[in-house]
Amino acid sequence: MEKQKLKNDLVLIIVVIIVALAALLLINLYKRATTKDAYVVIEVDGEEFGRYPLTEDMEINVPTYNDGSNTVVIKNNAVSVSEASCPDKICVNHKEIMYNGETIICLPNRMTVTIVSGEDTLDGKTY
């Protein structure tokens, strides 16, 4: 009787782990699919500075608030901030972003970097 309970418990645990891994895989595949036609939108002080395709590798120097600057890097379908004139460097230490809707924010320099895809709307704006 005890052996049967233990066996049933192990089967249940294995099934739950397999279902959880399958769900994570599907979520990850869905997220990547939504960034196929994505753009990187850079805003400074609420105004759009530029829009760049996520699929093209480039480095963008962004002049920011109060004579500051940030360097935004798009590489391998991911975006990061490599340099910033702000004192805290939170934006530089932020992990790279690659999925629709993710954002890097530099508050001292009033800059945001957001990934948007195709016809998405963000803050009431269509990109």
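Annotations for the structure displayed:
- Residues of the stretch 53-70 that turn out to be over 11 Å from residue 111 (Cβ atoms), modelled with pLDDT under 95 and either of a type in the set (Lys, Arg) or in a strand (DSSP E or B) (or both), as a count: 1
- Residue match in the stretch 96-103 (condition: hydroxyl-bearing (Ser, Thr, Tyr) and under 20 Å from residue 38 (Cα atoms)): yes
- Any hit, the stretch 19-36, residues being closer than 19 Å to residue 114 by Cα, modelled with pLDDT under 90 and not in a helix (DSSP H, G or I): yes
- Cβ separations smaller than 6 Å between residues 6+ apart or across chains give the following pairs from the stretch 36-61 residues that are farther than 17 Å from residue 76 by Cα to residues that are among the polar types (S, T, N, Q): 43/112; 44/64; 61/71.
- Contacts under 9 angstrom Cβ, first residue in the stretch 94-105 being in contact (Cβ under 8 Å) with a residue 40 or more places away in the chain, partner outside any loop (DSSP other than H, G, I, E, B) and exposed (fewer than 15 other Cβ atoms within 10 Å of the Cβ), 6 or more apart: 98/31; 98/32; 99/31; 99/32; 100/31
- Candidate set from the stretch 80-119 (those that are surrounded by fewer than 17 Cβ atoms within 10 Å (Cβ to Cβ) and among the charged types (D, E, K, R)); member that is modelled with the lowest pLDDT: 119
- Residue check for residue 73: out of contact with any Lys or Arg (no Cβ under 8 Å at 6 or more places or on another chain), surrounded by 19 or more Cβ atoms within 10 Å (Cβ to Cβ), at pLDDT 90 or above and assigned to a strand (DSSP E or B): no
The values are calculated or read from the model by the stated rules, or taken from the named source; none is laboratory data. Bear in mind the structure is a predicted one, so any value in this text is a computation, not a measurement. Glycine also receives a Cβ, built like all others from the backbone with ideal geometry; neighbour counts cover every protein chain displayed.
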